[in-house]
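Single-structure report; data block below.
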Protein chains: 2
Amino acid sequence: MSRWQPDARERLEQAAIELFVEQGFAETTVPQITARAGLTTRTFFRHYADKREVLFAGEEIPEMAARMMAEAPEGTEPMTQILEGLRTVAATRFDPRKDEIRVRRDIVRSDPGLVERDLRKRAALSEVIRSAFVARGIWPLRAALLAETAMTLLYVSFDEWLDSDRDLFDVIEKTLAELRETIA
Amino acid sequence: MSRWQPDARERLEQAAIELFVEQGFAETTVPQITARAGLTTRTFFRHYADKREVLFAGEEIPEMAARMMAEAPEGTEPMTQILEGLRTVAATRFDPRKDEIRVRRDIVRSDPGLVERDLRKRAALSEVIRSAFVARGIWPLRAALLAETAMTLLYVSFDEWLDSDRDLFDVIEKTLAELRETIA
């Protein structure tokens with residue numbers, strides 16, 4: 001076995017997810033994960049800070065959101081910007097990985113610490129969007145509402161998407177129509 | 001000093017908040033709090049599980065929300081129900097305690113663990129509202145949107161309220177008008 005493992009990260013992730021599903025998140029240890037992946041714990045910790053990070057690392061959605069927000073042409077309507085952002089993230093990060101994300105959701109739901117980590121992730125993404133709108137000159141209250149609306153659309157649509165065979169952005173568009181009607 | 005301290009809880013809370021402000025949340029210990037309050041650590045732990053709980057206990061807002069949701073007359077429009085709920089909570093739990101809540105906000109912001117606890121509180125309240133609407137026969141997607149909208153209105157208005165001399169529900173009504181315009 002060569003020291004350089006180009007696929008180490010993927011092997012660790014696959015082994016971890018398998019074990020989380022088979023025996024539970026709390027019951028799974030890093031040595032069990034590395035044993036199944038045929039790698040050392042040293043390699044594990046080169047890629048992940050702890051076993052929780054296997055479920056949250058590598059998504060880079062806040063970075064992607066920050067980039068998209070900064071690159072949108074000046075004068076783009078804020079809601080258009082949000083919808084175009086959600087469309088891109090849905091098509092590139094969510095739809096192609098639906099089965100995997102479904103498994104991940106069930107693991108996260110099973111553990112209060114993971115649910116908490118997920119809430120922090122949501123708050124961090126909201127903050128990225130809010131501050132990017134402020135940087136574009138949007139009034140703070142409206143920037144906060146735009147960010148919260150983006151998170152509501154994404155999170156409320158998420159379960160419906162996972163439990164259906166539709167594309168995420170289709171669900172998001174329907175959710176927005178429903179939101180408009182709800183608060184009208 | 002009599003063994004029965006009718007005001008022990010208030011004295012502990014006041015001592016804790018003073019110390020959190022003076023020397024920081026992380027640096028404050030339970031023995032310091034009880035020394036300042038002139039009470040024993042045993043008394044402290046009869047009232048609070050840990051020092052963090054001093055900032056979060058006694059609010060009972062989820063219980064209040066659940067009760068109000070269950071008691072609303074049948075056929076009440078869901079958005080009316082949310083606004084009436086927010087009006088009551090704002091007038092009874094927020095406006096009379098504004099100075100105290102402002103101090104509390106600054107303490108919470110200073111500590112990532114407290115921010116996390118606050119996010120969990122928000123998620124728990126959203127879940128109470130969502131499931132109460134489902135119990136009243138509202139379609140799940142709409143119930144989730146109603147709950148998220150209630151939380152958005154409350155949380156986005158919160159800072160603006162604390163930084164102004166207006167009543168919370170006035171700010172909430174303005175935030176709703178702004179939200180309608182934002183997603184129109």
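With respect to being in contact (Cβ under 8 Å) with a residue 12 or more places away in the chain and open to solvent by less than 30 Å² (accessible area, probe 1.4 Å), residue A:168 fits the description. Condition check: modelled with pLDDT of 95 or more and either among the aliphatic types (A, V, I, L, M) or open to solvent by 50 Å² or more (accessible area, probe 1.4 Å) (or both). Does residue A:115 satisfy that? Here the answer is no, as residue A:115 does not meet what is asked. Scanning region B:22-38 for residues that are among the hydrophobic types (A, V, I, L, M, F, W, C) and within 19 Å of residue B:109 (Cα to Cα) turns up B:25, B:26. You will find that of A:153, A:125, the residue that is closer than 23 Å to residue A:57 by Cβ and surrounded by 14 or more Cβ atoms within 10 Å (Cβ to Cβ) is A:125 and no other. Of all residues in region B:38-80, those being closer than 20 Å to residue B:125 by Cβ, in a helix (DSSP H, G or I) and out of contact with any Gly (no Cβ under 9 Å at 6 or more places or on another chain) number 14.
Can you find, within region A:88-102, the residue that is modelled with the highest pLDDT among those that are open to solvent by 50 Å² or more (accessible area, probe 1.4 Å) and among the basic types (Lys, Arg)? Working first, answer last.
Initial filter on region A:88-102 (open to solvent by 50 Å² or more (accessible area, probe 1.4 Å)): A:88, A:91-93, A:96-97, A:99-100, A:102.
If we keep only those that are among the basic types (Lys, Arg) as well, we get A:93, A:97, A:102.
Details: A:93: 90, A:97: 91, A:102: 94.
Out of the qualifying residues, it is A:102.
From the list B:38, B:24, which residue is open to solvent by less than 70 Å² (accessible area, probe 1.4 Å) and under 23 Å from the mean Cα position of the chain (by Cα)? Only one candidate passes the filter, namely B:24. Listed by position, the helices (runs of 4 or more DSSP H) contained in region A:81-184 that have at least 2 residues being more than 11 Å from every other protein chain (Cβ to nearest Cβ), closer than 30 Å to residue A:27 by Cβ and among the basic types (Lys, Arg) are A:98-109.
The values are calculated or read from the model by the stated rules, or taken from the named source; none is laboratory data. Small disclaimer: the values here were computed from a predicted structure and weren't measured. Here the Cβ is made from the backbone with ideal geometry for all residues, glycine too, and neighbour counts use every protein chain on show. In case anyone asks, the SASA skips ligands and DNA or RNA and just uses the protein heavy atoms, side chains included. Shrake-Rupley method; radii C 1.70, N 1.55, O 1.52, S 1.80 Å.
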